[in-house]
Amino acid sequence: MVVEIHVDHIYKYPVEFVARTHLTKYPTPKDPNVRKVTYVDGVSDPDTKVDYRRRIATCVNVIPYMLRAFSYLNEPDIKLQEETWFDLKNRVFILRSKNITWADYGQMYEESIFKPCDDNPNWTVFIQRGTIDLLGLGVFATPLEVFAKAFMQSGIQRSIGIMDDIMDAKPEAEVNLPYEPVEDAGPVIFPNAAAIEDGGFFGDFNTLNMLDQKSDSDSENFHDASDDAPSSDIKRDMNGSNSLANENGVDEITSKLDKCCSNNGVAEET
């Protein structure tokens, strides 16, 4: 089953200020789940006025401890890839992210668009869509999807709150500072913003093949050791003598996972 999430919000600040805030908000004590964000590469096209950046976020593994008995889930960190495009001329900022850790077992995508509000061009409309699709996890896909959806929703709301808090605390003079593109110049094709607003996902992006290929090849360097786990280990974890893979066990796990997004989105130990 594919789980989808849709969030709308209005920031009462210009798109340029919102984009700069997004790119500089982490790390922050307001969100202990994000440990660091590493800049990978970027390119700025002087002709189209589009700025592209790619970063890797290292986050705390929030999978509840009741499921850490499965070796492929017991990773110290979760790594996510984020790509952003800012059309400086048309004042549209687009973001897409996907998980690197556990990519063989599930896909979590987020796509966002930030654009001037129709009623007030100095305000920013934020539209985000996310999708969760777990692969090959059998009966555990459902409880994990329950947890992943709840955690993604709480994470989005927490991120919005952090953005608002940071921007509200900035002096007026900083609001209108220009957005600074990366220095390297090169060709960049802006993604299809309409596809996001219409509910499109990853495959609808019209980015250069060289960027997508480079992105995929570089991401492989960040894969965790769990990606190399033999399939027999996975089957043993899911179907072994200590497995909870039965109807009552799954219901119990699902019930517990419903409670694991308390404490502002930080999973509780059990």
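The values are calculated or read from the model by the stated rules, or taken from the named source; none is laboratory data. In this text the structure is predicted, and so the values were computed from the model without any measurement. Cβ atoms come from the backbone with ideal geometry, glycine included; neighbour counts cover every protein chain shown.
General remarks:
- Residues in segment 101-137 that are closer than 21 Å to LYS12 by Cβ and in a loop (DSSP other than H, G, I, E, B): CYS117, ASP118, ASP119, ASN120, PRO121, ASN122, TRP123.
- The number of residues in segment 146-183 being within 17 Å of ASN122 (Cβ to Cβ) and of a type outside the set (Gly, Ala, Ser) comes to 13.
- Test for THR28: is it of a type in the set (S, T, N, Q), farther than 29 Å from PRO171 by Cβ, outside any strand (DSSP E or B) and at pLDDT below 95: no
- If only residues of segment 149-168 that are in contact (Cβ under 8 Å) with a residue 40 or more places away in the chain and either hydroxyl-bearing (Ser, Thr, Tyr) or over 18 Å from SER112 (Cβ atoms) (or both) are counted, the one that is surrounded by the fewest Cβ atoms within 10 Å (Cβ to Cβ) is ASP165.
- Hey, LYS98 assigned to a loop (DSSP other than H, G, I, E, B) and not aromatic (Phe, Trp, Tyr) or not: no
- Hey, ASN99 within 23 Å of THR84 (Cβ to Cβ) and more than 15 Å from the chain's Cα centre (by Cα) or not: no
- Scanning segment 1-25 for residues that are of a type in the set (A, V, I, L, M, F, W, C), under 15 Å from the mean Cα position of the chain (by Cα) and not in a strand (DSSP E or B) yields a single hit, LEU23.
- Enumeration of residues in segment 105-135 that are without any contact (Cβ under 8 Å) to a residue 60 or more places away in the chain, under 18 Å from ILE63 (Cβ atoms) and surrounded by fewer than 19 Cβ atoms within 10 Å (Cβ to Cβ): GLY106, GLN107, LEU135
- Some residue of segment 37-53 being surrounded by fewer than 17 Cβ atoms within 10 Å (Cβ to Cβ), touching a Ser or Thr at 6+ places or on another chain (Cβ under 7 Å) and of a type outside the set (S, T, N, Q): no
- Residue in segment 80-95 that is surrounded by fewer than 16 Cβ atoms within 10 Å (Cβ to Cβ), touching a helix residue (DSSP H, G or I) at 6+ places or on another chain (Cβ under 7 Å) and assigned to a loop (DSSP other than H, G, I, E, B) present: no
- Put simply, of PHE151, PHE147 the only residue that is in contact with a Gly (Cβ under 7 Å, 6 or more places away or on another chain), in a helix (DSSP H, G or I) and not polar (S, T, N, Q) is PHE151.
- Residues of segment 43-74 satisfying the condition of being within 18 Å of the chain's Cα centre (by Cα) and part of a strand (DSSP E or B): TYR52, ARG53, ARG54, ARG55, ILE56, ALA57, THR58, CYS59, VAL60
- Segment 1-17 residues that are surrounded by fewer than 20 Cβ atoms within 10 Å (Cβ to Cβ), paired with ones that are of a type in the set (Lys, Arg) and at pLDDT below 95 (beta carbon under 6 Å, 6 or more apart): VAL3/LYS149; HIS6/ARG129
- Positions within segment 26-42 being among the hydrophobic types (A, V, I, L, M, F, W, C) and within 15 Å of the chain's Cα centre (by Cα), in sequence order: VAL34, VAL37
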